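Working notes, beginning with the structure itself.
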Amino acid sequence: MLQVRGLRKSYSGTEVVRGVSFGVAAGECFGLLGPNGAGKTTTLRCCLGLTRSDGGTITLAGLPVPAAAREARARTGVCPQFDNLDPDFTVSENLVVYGRYFGIGRRVMLERVPRLLEFAGLEDKAGARLDTLSGGMKRRLTLARALVNDPQIIFLDEPTTGLDPQARHLIWDRLKSLTASGRTLILTTHFMDEAERLCDRVAIMDRGSLIAEDAPRKLISAQIEPHVVEIYGDGVRDFARDIAPRHAQRVELTGETAFCYCRDTAPLLEALHGYGSLRALSRAANLEDVFIKLTGRDIRD
Amino acid sequence: MTEPLIERFHLRFLHVVGRNFLVWRKLMYASMLGNMADPMIYLVGLGYGLGAFMPTIDGMRYISFLAGGMLCYSAMNSATFEALYSAFSRLKAQRTWEGIIHAPMTAADVVIGEWIWAALKATLSGAAMLIAMYVLGLVHGVRPLSVMPVVLLIGLAFSGLGLIMTSLAKSYEFFIFYFTLVITPMMFLSGVFYPRAALPPVIQAIGAVLPLTHGADLARGLTLGVPMAHPWLDVLVLALYATCGVALSVRLINRRLLK
């Protein structure tokens, strides 16, 4: 559904996308992960023909972008990062008016609206003004709006940023129902739990390049030890320097917490018994650990 | 069945005009009242009040002279407000344009749609002024109706200029410069309130290149029968402002939205 080869993009001399290549097969949910400023949104914009790349080729829904970007967008749905619903219209008017931009007539849209509202869980909000909707409702409406043209491929730029847990779970549920119906999803996110839950395959992007790409489970098993013990409390620095490295494959001290990556946690937890001031949290390694390992712990602004 | 036509003739901008029309329809009465009240108050207040002390101008009463100018002034104002404030809120605050180009629409479709929409609002304001002129008995017969295409052209000229400002604006404050440095001087240099002949020659020369001057000359000629010196030149100047304005806006908005 989407093929990207050697994509490059610079802004005033700074290369923000440096030769990115990936492909997304039909029916797949593909996650593009990366810290702020990694080039995710720019990559998505290039795929949609909304930003002109400096190099590389893109094929979206069988069409070359940017040469046939408009035609490709006619077969695509977009759920943008920032809310751009039309505040001058009601919920259902938003859908009907958006359909116009795809050349879908009012009558056809009015037939589709009930199904779209049901999908978004907004059946009883058809005539509601936009300012009466919660953040989660608006995001669901944006998602429904991305479906007005019944697209086979849908781009989602940080679909749950800024939502509370209940609203996030509802969005995840809707996205799963889209993949279950065979649609292709391409999403960016910096929530690793979201990517792990939804994506068949993820690519981690950093400083304009893809640095890893695989199924979330495979990335975790290939890149990192299976268990993590987080240790904190008085004396954690000494423990992390002197004791932990004997029992863990890797130890990282960040602020007041030591992250110990282990194949087997038993010896480390055993050793901890002698240190009453330390507290420990033992858990399975997850995608966030991989992400941090690959992109570092530095704050990106 | 209309869809193939829209595609074949690149009329996708009509979707943008349609969107704006649907919003306008919701607030139609308030919007029309606002559009009409302001120029009417000027016309009645200045026309009768100030007009009582004025000699005739080119053989007509001051209120008639003023009405011809106000017709263009209200079209200019309508187009300018729509192309600046309303369009800018759709560009920035509401991100409406961003949403539209995520669909199979281009930035040029959006700009051309906004350009035509603002000009249509100007035409509506002009029509309201013309009705007022009929009601006050300042114009008679059907000939004054021929001014309507000119009002549309004035609308296209000022909406094109306004959209250039919008595509450059970072915030609403930016538009104050445009009003202070362009729109307000234009109002006084273009012969809306008094004949341009009353101004010093240098200032007259500046006025001669302004679009509102050419609009006012055409409007007085067509509604009041004032002899027109060079009507086709007037049309040409307005058309130049309109086409250059929209062409430059398309380029600037392309650069801004497709960065």
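Quick notes on this one:
- Set of segment A:132-175 residues, backbone N closer than 16 Å to the point 7 Å along the Cα-Cβ line of A:ARG115: A:144-153
- For the pair A:ARG241 and A:SER221, a Förster radius of 25 Å applied to the C-beta separation gives a FRET efficiency near 0.30, rounded to the nearest 0.05.
- Computed from label points 7 Å out along Cα-Cβ, the spacing between B:TYR134 and B:ALA247 is 3.7 nm.
- If you take the alpha carbon atoms of segment A:133-288 and fit the smallest convex hull around them, that volume is 149 Å³ per residue.
- Under a 5 Å amide H cut-off, with hydrogens placed 1.01 Å from N, A:ILE211 pairs with A:ILE204, A:MET205, A:ASP206 among residues at least 5 apart or on other chains.
- Solvent accessible area, Å² - A:LYS40, 1.4 Å probe, full protein context: 10 Å²
- Solvent-accessible surface (1.4 Å probe) assigned to B:TYR42 amounts to roughly 80 Å².
- Heavy-atom accessible area order for A:TYR101, A:TYR232, B:TYR134, largest first, 1.4 Å probe: A:TYR232, B:TYR134, A:TYR101
- By the equivalent-ellipsoid construction on the alpha carbon gyration tensor, segment B:48-130 comes out with semi-axes of 39, 11, 7 Å, ordered largest to smallest.
- Scanning residues 5 or more positions from A:VAL16 or on other chains, those with amide H under 5 Å from its amide H are A:LYS9, A:SER10, A:TYR11, with H placed 1.01 Å from N in the peptide plane.
- Pairs of Cα atoms nearer than 8 Å and 6+ residues apart set the relative contact order; for chain A it is 20 percent.
- 10 Å Cβ neighbours from other chains, averaged over peptide B:223-231: 0
- Its DSSP H runs of at least 4 residues, each contributing -39,500 (n - 2.57), put the calculated 222 nm mean residue ellipticity of chain A at -9500 deg cm²/dmol, to the nearest 500.
- Distant-in-sequence amide H partners of A:LEU156 (H built 1.01 Å from N, under 5 Å): A:CYS79, A:ILE186, A:LEU187, A:THR188
- Remark: mean inter-chain Cβ contacts per residue of A:100-110 equal 4, using a 10 Å Cβ-Cβ cutoff to other protein chain atoms.
- Dimensionless Rg over Rh [chain A; C-alpha; Kirkwood]: 1.06
- Across chain B, the relative contact order, built from alpha-carbon pairs under 8 Å that are at least six residues apart, equals 25 percent.
- Taking only Cα atoms of the protein assembly as shown, radius of gyration then Dmax in Å: 31.0, 108
- To the nearest ten degrees, helix A:91-101 and the longest principal axis of the Cα atoms of chain A are 70 degrees apart.
- Computed E for A:GLN81/A:LYS176 - FRET, C-beta separation, R0 22 angstrom, nearest 0.05: 0.60
- With all protein chains in place and ligands, DNA and RNA left out, the 1.4 Å accessible area ranks B:TRP232, B:TRP24, B:TRP97 as B:TRP232, B:TRP24, B:TRP97, largest first.
- Rounded to 10°, Cα long-axis angle of helix A:135-145 versus longest principal axis of chain A: 50 degrees
- The alpha-carbon positions of segment B:103-259 define a convex hull whose volume is 135 Å³ per residue.
- Relative contact order for segment A:154-301: 21 percent, from Cα pairs under 8 Å spaced at least 6 residues apart, divided by residue count.
- Peptide packing: for A:2-11, B:10-19, the average count of neighbouring Cβ atoms within 10 Å per residue gives the ranking B:10-19, A:2-11, highest mean first.
- All other residues whose Cβ lies under 14 angstrom from that of A:GLU111 are scored, Lys and Arg at +1 and Asp and Glu at -1, for a net of +2.
- Shape call, segment B:156-222: gyration tensor on alpha carbons, a/c limit 1.5: prolate
- Kyte-Doolittle mean at least -1.0, axial Cα span of 18 Å or more - DSSP H helices of chain B: B:13-26, B:28-44, B:62-81, B:107-135, B:148-168, B:211-224, B:231-257
- In nm, spacing of pseudo-spin labels at A:ARG297 and A:GLU123 (7 Å Cα→C-beta vector): 5.0 nm
- Hypothetical label at B:TYR85: residues of segment B:178-211 whose amide nitrogen lies under 12 Å (7 Å Cα-Cβ projection): none
- Where Rh is the Kirkwood radius over Cα pairs, Rg/Rh for segment A:129-200: 0.95
- Estimated translational diffusion coefficient (Stokes-Einstein, Kirkwood radius over Cα pairs, 10 °C, 1.306 mPa s) of segment A:199-301: 109 µm² per second.
- Stretching the chain fully between A:ALA67 and A:ARG207 yields a gain of 47.7 nm (0.36 nm per residue, less the alpha carbon separation).
- For segment A:1-72, the Kirkwood estimate of hydrodynamic radius, built from reciprocal distances between every pair of different alpha carbons, is 12.3 Å.
The values are calculated or read from the model by the stated rules, or taken from the named source; none is laboratory data. Every value quoted in this text rests on a predicted model; they were computed, and no experiment measured them. Positions of Cβ are backbone-derived with ideal geometry, glycine not excepted, and every protein chain shown enters the neighbour counts. For accessibility, only protein heavy atoms count, side chains too; no ligands or nucleic acids. Shrake-Rupley method; radii C 1.70, N 1.55, O 1.52, S 1.80 Å.
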